[in-house]
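Notes follow the structure.
The values are calculated or read from the model by the stated rules, or taken from the named source; none is laboratory data. Predicted model, so just to flag it, every value in this text is computed and none were measured. Heads up, the Cβs are rebuilt from the backbone with ideal geometry, glycines too, and the neighbour counts pull from every protein chain shown.
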Amino acid sequence: MKSVRCAIWGKEGSGKSTMALTFPKPISHFDIDVGGYDRAIWRIDEADIKSTSYAIPIQKEKLMGASKEGAGTTIRFPRQVVGQKELWQRIVTDYIRDCQNPKIKTIIIDSATQLWFICHQGKLQEKQEIQLSKGMKVEDDRFREKLQPVEYPNDRMRDLIYAAKGYDKNLVVTHYPRNIYKERFGSNGKVVTFKSDDIEPDGFKDTSKLVDVVFWTYTEIDSSTKKVLGRAKITIKCGIPGLGMTAVGLELPSPTYEGIIQAKEAMEG
């Protein structure tokens, strides 16, 4: 099978990282949810897998907070974003290096939910630094605390996925789920927003459009052995030759890269 770009989403502990680590080696694993690799690797042969941790910088002031003067205590957090731009640049530099390395077959971003946060906050940090360079103070009412939708760094995430395709690498990005918010009319006749039971991958919204296939991982209890079994099925999209969109909803024989090949061979007859 040719190189494939895929997204794996599921709840915590559902086997996303474990499935990702079964892809062809050598593997470069970007451990952005620091600790995910350690939780998964005990099930996998660690040979030819390199995992690098990218811990999000801790701002001590945000952890401690600061109290305003006056009656009672009001906690306010520093508005300035620090370290996210540099972390994003480090990740991108290492990612492009791995794309250009002919020995590496698979790159894993674990998780892309967290990567989107870093990418987003890095862009906000750039905006804030421009304001500070012009003499604005952090306390100023016009100091940026969020990006406008038109400013979202969609192009940066898009280019990241395209790079793997351009260098013919397997790319696996893992995502957590998030609830989808919907609108309805309230009892007062006004439109209200509510959290529905529907879920979607959390992170860069166009990921499913840019990858070749999307998998949902989950676990279930074997009725006879009472063991917890990992499962994976194709959801949202499938553009792998031999499978195609008719495979959406198909459960893999096993939640592994080999399971993808087995499903492909079964559908091809």
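Conditions tested, residue by residue: (1) within 17 Å of Cys119 (Cα to Cα); (2) within 20 Å of the chain's Cα centre (by Cα); (3) surrounded by fewer than 19 Cβ atoms within 10 Å (Cβ to Cβ).
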{"residue": "Tyr152", "(1), (2), (3)": "yes, yes, yes"}
{"residue": "Arg158", "(1), (2), (3)": "yes, yes, yes"}
{"residue": "Tyr162", "(1), (2), (3)": "yes, yes, yes"}
{"residue": "Lys165", "(1), (2), (3)": "no, yes, yes"}
{"residue": "Lys169", "(1), (2), (3)": "no, yes, no"}
{"residue": "Gly186", "(1), (2), (3)": "no, no, yes"}
{"residue": "Val191", "(1), (2), (3)": "no, no, yes"}
{"residue": "Asp197", "(1), (2), (3)": "no, no, yes"}
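Restricting attention to the range 246-261 and to residues that are β-branched (Val, Ile, Thr) and without any contact (Cβ under 8 Å) to a residue 24 or more places away in the chain, the residue that is nearest to Val214 (Cα to Cα) turns out to be Val248.
In the set (1) assigned to a helix (DSSP H, G or I); (2) in contact (Cβ under 8 Å) with a residue 40 or more places away in the chain; (3) within 24 Å of Pro26 (Cα to Cα), the condition left unmet by Glu126 is number (3).
For (1) assigned to a loop (DSSP other than H, G, I, E, B); (2) within 23 Å of the chain's Cα centre (by Cα); (3) within 25 Å of Asn154 (Cβ to Cβ); (4) at pLDDT 95 or above, each residue gets a yes or a no:
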residue	(1), (2), (3), (4)
Phe215	no, yes, yes, yes
Tyr218	no, yes, no, no
Ser223	yes, no, no, no
Lys226	yes, no, no, no
Arg231	no, yes, no, no
Lys237	no, yes, yes, no
Gly242	yes, no, no, no
Gly249	yes, yes, no, no
Pro253	yes, no, no, no
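Scanning the range 246-269 for residues that are in contact with a Lys or Arg (Cβ under 7 Å, 6 or more places away or on another chain) and surrounded by fewer than 13 Cβ atoms within 10 Å (Cβ to Cβ) yields one hit, Gly249.
Against the condition more than 30 Å from Glu268 (Cα to Cα), modelled with pLDDT of 90 or more and out of contact with any Leu (no Cβ under 6 Å at 6 or more places or on another chain), how does Ile96 come out, does it pass? Working first, answer last.
Working: more than 30 Å from Glu268 (Cα to Cα): yes; modelled with pLDDT of 90 or more: yes; out of contact with any Leu (no Cβ under 6 Å at 6 or more places or on another chain): yes.
The answer is yes for Ile96.
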